[in-house]
Every structure is written in C-alpha cells, then in structure tokens.
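Report on the following structure.
The values are calculated or read from the model by the stated rules, or taken from the named source; none is laboratory data. Predicted, not measured: the structure shown is a model, and the values here were computed from it. Using ideal geometry, Cβ is built from the backbone for each residue, glycine included, and neighbour counts are taken over all protein chains shown. For accessibility, only protein heavy atoms count, side chains too; no ligands or nucleic acids. Shrake-Rupley method; radii C 1.70, N 1.55, O 1.52, S 1.80 Å.
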Amino acid sequence: MHSSERSRPVGENHGPVRYGPPAPDPGLPVLPELSGVLAASAACPRPEPPGGGTSLREAACAYWHRRGLHCTPQDIAAAPGAQPLLLALIAAYGGDVLMPRPCPASWTPQARLLGRPAYHVPTPAECGGIPDPYALLETVRRVRAEGGRPRLLLLSVVDDPTATVAPPELVREACEAAVAEGLHIVSDETWRDTLHRPHDTVLVSPAEMCPDDVTVLTDLAGSLTPSAWPVAVARFPAAARAAARRARVLDVLTALGALVAEPVARAAAHALGEPEAVTVRSRQAAALHAQVASAAHRAVLTCGALARPPQAGRHLYADLGPLRSRLADRGVTDSMELEEYLTERLGAPAPGGHRFGDELGALRVRLGTGPLLGSTPQEQTESLTAVEPLELPHVARALSIFAAALDELR
C-alpha cells in the first residue's frame, strides 16, 4: 500500500462495499455431552446478569489459568457472541481504532457502527493478524498529524482470515510499538485452540508480553461450543483503569440487552472446564481441518494462485492475482465479483477479501474447509472419526470439485 493511503479511514478508499459478515460455518455436529448440559438447563427462565454469572466467569478464569494467563472473576466479562462484546470494548476504550489488513469480517462494521474512525495497517510478510510494527508507527503518526486520536489496536495472533500464527518475536515488536504509542490492545484469541500442528507451533499471547495493556477476547465458537450457541468472554488486565473499562463494557452490554442465556452459559462453563470429551473433540476437529486445509492449499498452489500455508482454524486465504487475466475473461475484475464467481462454482460461501478489509481490486478470497467435510451430520461425523478422512468418498468428491473450480482458471 502506498504510504499516503495508510491514514485513510476504512471504507474511504473504494466505493460502496458489502462489509457484512460472511455466512457462518455451520461446524461439526454438536457434542452430545454439551447437548446434555444445555438440555438439562433448558427450563431456566432467566438470562445471566450483564457480563455473565459467577460460574461462567470462574470457568473462564480456569481456562486462562491453564494457558498461563492468571485472572479473577472480576476481570472477566461475557456476552452472547464476539460481536456485541467487541462493540462494547470499542465503545469503552474510545478513540480511533487500528486493525491489520486483512482482518476478521466483523471488526470493521463494529467500528463503523459506533462512528469511530478505523484504519487498516499492513501486515508483515510472514503472517496476518498483526500489524507490521513500522507501518503501525507510521500510521499512528499520520493519524495524529491529521487530528485523529488513535487509542485502540485490534489484532489476532491466530488469525482469521489468513489462518496463520504470528511468530512471538513479531508479536512482541508490534505490541511494544503499540504500547509505546499509548494504544490499548484487544487480542482476539478465538482460534488459539485450533492449531494444526500444536507441537510445532509456538503461540504467545500479547497479554503475556504486555499484561497491563492487553484485553483478551475469545469467542467460544472457535473450538469449544457450536456457533449457534453464542457466547464470548473477555479477560481484562488486573489494573485499576481496566476495572473502570470493564464497568463501562458492562454498561454497554446492559444497554444493548446483550445477556447470555442461562442454558448457554451453563454449557459454555462446562466446555471451558475442558472435560475429556470436549478436549478430544477439539483435537479431532483441529486435526481434521488441518488435513483438509493442506489438501485445499495444494489445490490453490497448483492452479497458480498464492496462499500462506494454513496453520490454524477452518480457512485459508488465497490470492488469485496471478490469474487476473483469466478471471477477467470471465468478467471477474474485483473481489466482489470473485466472491460471486467462486461461490457459484464451489457451491459454498467464498467471501471476497473486501469483507476483510482488503482492497476491492485485489483478487483475494477466504476459502473454508468446513464445506469439504460433508453435507450431512452423518458424513461430518464420519470425517471426524476417520483415520484417513481424505480417502472418504464425500471428502474426496468435495476436494475434487474444489480443485476443478480452481483448475479451470489455469
């Protein structure tokens, strides 16, 4: 990106763009153990109090303790999904918002809904999810020179949409640059438990590096609960000013009526406790998505497109720029048209890069692995438990359709 564009607020560098979130991945069949907890609580008539009840917040504390992030229930806030919780965080911290390019699809709409100026910062070549430290410093300088008030940096060490994991040294550089400029950091760690190679990947939370300046956000739908049961939790720093910000977040959640349903809260607390059935399912799902994502990545490279090797989550982010002339012959000249073109041919959502803050003219797209696992709960369960899932007929057929849709562009 040219340096003169870095301080331009999100949404001003191209015409009307559909920023709405892409269709959610329906995910794998619900774990019976969680269904049982939810069913046992189905008669509960009340929602949780704003920010979540004691049991849910204690379970979230224990979850983070096991990952080396100590906290108390007074440092936790819960909401019915990541979107209202992030909206409350942005409202509570005030000022202009900075975020990497590309970024999760929900981030830009949250800032725009609040009328907050938001700025995208280029990411380093090695990964997505975090801003390049030098580009971050330049962006902050330019925004301030133009009268802006940069206050908040959103990042994701385990990134959606790029499915990459940021190396610890780059995370440290980005966080130190942000803190030095007076920015508070919101670290979205929704996908931290979906590493494709957990023994070979080093993951360090920004909250370990800058404990007083980082709020951690986790959407449980990343690996612990079904996406149809919305619940997300935030961990605030153990500092006096953080307590005031948490109180402001609870005020916003109260005003929105963003309360977690008690049956969902009980199921979420059970999942956060990570009993054996939940951890086994989480590992199985991560291993399955890893194999399918690797096969999909090979198909992307074979057709001549580009993509970083997926390291986590349920997606990969492909750059079809090298195929621009062939796509132009089919009437595809930007990411909106690319989304429509590939969605029709794949028979599954293929959201374009414009939804993730990328330039409209860039031919980038996020490709999900979920639709490749089967179209029925029975097929998905078979994929989950198979020793060689890529050899299953329904998975092989889906990967063949996927590869054929890309191969016709060679």
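Just a few scattered comments:
- Taken over segment 385-397, the criterion of being hydrophobic (A, V, I, L, M, F, W, C) and assigned to a helix (DSSP H, G or I) is satisfied by LEU390, VAL395, ALA396.
- Of all the criteria given as (1) farther than 30 Å from TYR119 by Cβ; (2) free of Cβ contacts under 8 Å to residues at least 40 places away in the same chain, the one not satisfied by ALA350 is (1).
- Looking across segment 174-205 at every residue that is within 16 Å of LEU98 (Cα to Cα), in contact with a Leu (Cβ under 9 Å, 6 or more places away or on another chain) and not hydrophobic (A, V, I, L, M, F, W, C), the one that is most open to solvent (accessible area, probe 1.4 Å) is identified as GLU181.
Quick grid of which residues meet (1) in contact (Cβ under 8 Å) with a residue 40 or more places away in the chain; (2) of a type outside the set (Phe, Trp, Tyr); (3) buried (at least 20 other Cβ atoms within 10 Å of the Cβ); (4) out of contact with any Cys (no Cβ under 8 Å at 6 or more places or on another chain):
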| residue | (1), (2), (3), (4) |
| --- | --- |
| ALA286 | yes, yes, yes, yes |
| ALA296 | yes, yes, yes, yes |
| GLY304 | yes, yes, no, yes |
| ARG326 | yes, yes, no, yes |
| LEU338 | no, yes, yes, yes |
| LEU342 | yes, yes, yes, yes |
| LEU360 | yes, yes, no, yes |
| GLY368 | yes, yes, yes, yes |
| GLU379 | no, yes, no, yes |
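- Residue check: ALA166 meets all listed conditions (1) farther than 20 Å from ALA318 by Cα; (2) open to solvent by less than 30 Å² (accessible area, probe 1.4 Å) but one, namely (1).
- Yes/no for ALA396 being open to solvent by 30 Å² or more (accessible area, probe 1.4 Å), touching a residue at least 60 places away in the same chain (Cβ under 8 Å) and either of a type in the set (A, V, I, L, M, F, W, C) or over 23 Å from ARG330 (Cβ atoms) (or both): no
- Single residue of segment 310-322 satisfying the filter (surrounded by fewer than 21 Cβ atoms within 10 Å (Cβ to Cβ) and in contact (Cβ under 8 Å) with a residue 24 or more places away in the chain) that is farthest from VAL365 (Cα to Cα): GLY321
- Yes/no for THR225 being touching a residue at least 24 places away in the same chain (Cβ under 8 Å), in a loop (DSSP other than H, G, I, E, B), of a type in the set (Ser, Thr, Tyr) and more than 18 Å from ALA59 (Cβ to Cβ): no
- Among the residues of segment 98-123, not one is on the phi > 0 side of the Ramachandran plot and open to solvent by less than 30 Å² (accessible area, probe 1.4 Å).
- Considering segment 141-153, the residues that are open to solvent by less than 70 Å² (accessible area, probe 1.4 Å) and more than 24 Å from the chain's Cα centre (by Cα) include one that is farthest from PRO117 (Cα to Cα), namely ARG142.
- Among the candidates THR218, THR254, residue that is in contact with a Pro (Cβ under 8 Å, 6 or more places away or on another chain) and polar (S, T, N, Q): THR254
- Residue check, VAL37 crowded, with 16+ Cβ neighbours inside 10 Å and at pLDDT below 95: no
- Test: residue in segment 247-264 that is at pLDDT 95 or above, part of a loop (DSSP other than H, G, I, E, B) and within 30 Å of ARG410 (Cα to Cα): no
- ALA91 vs. criteria assigned to a strand (DSSP E or B) and farther than 16 Å from HIS354 by Cβ: no
- Test: residue in segment 34-48 that is touching a Ser or Thr at 6+ places or on another chain (Cβ under 8 Å) and farther than 30 Å from THR385 by Cβ: no
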